[in-house]
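The values are calculated or read from the model by the stated rules, or taken from the named source; none is laboratory data. It should be emphasised that the depicted structure is a prediction, and the values quoted were computed from it without experimental measurement. Note that we place each Cβ from the backbone using ideal geometry, even for glycine, and neighbour counts take in every protein chain shown.
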Amino acid sequence: MKRVVIVGGGIAGMTVAKTLLEGKMQAEITVVNSAPHYFAGPSRPLLLTGEQSLDRIVRSYEEVARRGVKVMVGTVYSVDPANRKVRLVGGYTSDGGIWELQYDYLVLAPGVVLDGSGITGYDKYRGNVLNVYDPGRVRTLKERVWKAEKGTVIVYAPKAPYRCAPAPTETATLIDAVLRHRGVRDKFRIIHIDANDKTQPPVIADVVAELYRKLGIELVVNQEIAEIGENYVVTKSGERYNYDILAMLEPNRAPKFIAEAGLGENWISVRGPQDLRHPKFDDVLAAGDAAGLPLPKNQEIAFESALFAANKILEMEGLSHRASVQYAFLGWAYVGNPEGRLETLSLMFGLDFTTQPPKPTKDPQPKREYTQRKDSWEQSYLANLFGY
Ligand SMILES: Cc1cc2nc3c(=O)[nH]c(=O)nc-3n(C[C@H](O)[C@H](O)[C@H](O)COP(=O)(O)OP(=O)(O)OC[C@H]3O[C@@H](n4cnc5c(N)ncnc54)[C@H](O)[C@@H]3O)c2cc1C
């Protein structure tokens, strides 16, 4: 029986496992995930307003195991593609010993690492760096935003590509809504510093710029943060901004073991969007945010890349099943609530990569209905992949 090892039990990893089962692949499928649970990403920003709670977006792997997938809790720290081996530290608290797994196919889907190591002062002041990406740090960010009486909030987006393009904008507008709700908005400056020439994704940048003007959120573009201090940041061009609250996303990359294995530098090298095999190894495939694709890093693209990866394995195995897939997505970006109600509105946008150039869509009118649609979409992904 063939052995498939999947590194990462998130959106992409679980999609690959499920699709291989649907394709009737006779294989021992092992998913290695660094935690015994999975936290969905898309609605994490709503933890700030209290419209979302962690228990609704956390899932464990019991149902997945019942489907016939072996799930190991452990952190992969090295891959040896020449000898088809993966090494991991077992257990959630790294007390499960060192394991070595042999594979016939390896699918790498570990998502992204937030890497502030290129920023001066990051090691010393990393405790000041809050954001909506990390489930622990979003809690601290929430506490600060709900308690602070006055000050400056800096929101930062690094150079694209990073996971979930609109999340910095979502952070800025949700913080604005909470401060309005508390009746203290006029005591705060909110400054969004963006390393890109416009807020991401570009398809809604004009709508966001107009909204920021109305809400009084200051936008600074083309500025990369180079240094963090106790209460200030400095950009590469030497501009200094003081902060009381720093909601900053670090630059993203794939975990270090990828580069150490010679499988890619910042991202895992692949042959192309539809052939996610590594250029040198037929049996090593990538999927999800860690794959080096010329596409946005979001849940829909992660899912679609995983379907392409699974289809390639089924094809190499001579099996006939193929998941139907193409690259196109619709998404919803939270934009707070200009009246300070804790009823978040969202913009709808999308990109269809089946045409050249890719076809954008958007509804420039923020709507409450889109927030509800995003919730149903996220919950249906979780039910589909984790069984509940
Ligand atoms: C705050 C936030 C908001 C978002 N908003 C949206 C949105 O509105 N719309 C949208 O489409 N997408 C959104 N996303 C992005 C979406 O969640 C990701 O694109 C998607 O989860 C990527 O799937 P993935 O499988 O590549 O990574 P993940 O789903 O992150 O899964 C990776 C898994 O690998 C595990 N792992 C990591 N390293 C190792 C290792 N060394 N060994 C073993 N396991 C490992 C992790 O624990 C994790 O479970 C958002 C994400 C966040 C965080």
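Going by what's in this entry, would Leu46 be described as part of a helix (DSSP H, G or I), within 12 Å of the ligand (Cβ to nearest atom) and surrounded by 14 or more Cβ atoms within 10 Å (Cβ to Cβ)?
yes
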Scanning the stretch 344-360 residue by residue, those surrounded by fewer than 13 Cβ atoms within 10 Å (Cβ to Cβ) and in contact (Cβ under 8 Å) with a residue 12 or more places away in the chain turn out to be Thr354
Of all residues making up the stretch 262-272, the number that are in contact with a Leu (Cβ under 6 Å, 6 or more places away or on another chain) and away from the ligand (no atom under 12 Å from the Cβ):
1
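Specify the residue that is surrounded by the fewest Cβ atoms within 10 Å (Cβ to Cβ); the eligible residues are those in the stretch 100-138 that are farther than 21 Å from Ala157 by Cα, away from the ligand (no atom under 11 Å from the Cβ) and of a type outside the set (Asp, Glu).
Applying the filter and picking the extreme gives Gln102.
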Being out of contact with any strand residue (DSSP E or B) (no Cβ under 9 Å at 6 or more places or on another chain) and within 16 Å of the ligand (Cβ to nearest atom) is the filter here; which residues of the stretch 324-369 pass it?
Val325
Within the stretch 313-323, is there a residue that is buried (at least 21 other Cβ atoms within 10 Å of the Cβ) and among the hydrophobic types (A, V, I, L, M, F, W, C)?
yes
Sort out which residues of the stretch 285-300 are free of Cβ contacts under 8 Å to residues at least 40 places away in the same chain and more than 9 Å from the ligand (Cβ to nearest atom), and write them in order of number.
Gly292, Leu293, Pro294
What are the residues in the stretch 127-160 that are in a helix (DSSP H, G or I) and touching a residue at least 40 places away in the same chain (Cβ under 8 Å), if any?
Asn128, Pro135, Val138, Arg139, Leu141, Lys142, Arg144, Val145
Let me confirm something: among Asp275, Asp282, which residue is more than 18 Å from Thr19 (Cβ to Cβ), away from the ligand (no atom under 16 Å from the Cβ), free of Cβ contacts under 8 Å to residues at least 60 places away in the same chain and out of contact with any strand residue (DSSP E or B) (no Cβ under 6 Å at 6 or more places or on another chain)?
Asp282
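Any residue that is free of Cβ contacts under 8 Å to residues at least 60 places away in the same chain, out of contact with any Leu (no Cβ under 6 Å at 6 or more places or on another chain) and within 16 Å of the ligand (Cβ to nearest atom) - is there at least one of those in the stretch 247-261? Show your work before the answer.
Initially, the stretch 247-261 is screened for residues free of Cβ contacts under 8 Å to residues at least 60 places away in the same chain, giving 259.
Now drop any that are not out of contact with any Leu (no Cβ under 6 Å at 6 or more places or on another chain), which leaves 259.
From what's left, within 16 Å of the ligand (Cβ to nearest atom): 259.
Yes.
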Within the stretch 61-81, residues crowded, with 16+ Cβ neighbours inside 10 Å, touching a residue at least 60 places away in the same chain (Cβ under 8 Å) and within 14 Å of the ligand (Cβ to nearest atom) come out as Tyr61, Val64, Val71, Val76, Val79
Would it be correct to say that Thr171 is within 20 Å of the chain's Cα centre (by Cα), part of a helix (DSSP H, G or I), crowded, with 20+ Cβ neighbours inside 10 Å and not assigned by TED's automatic domain parsing to the domain that holds Ser43?
yes
With the condition being of a type outside the set (A, V, I, L, M), I'd like the strands (runs of 3 or more DSSP E) fully within the stretch 208-321 carrying at least 1 qualifying residues.
217-220, 225-228, 232-235, 240-242
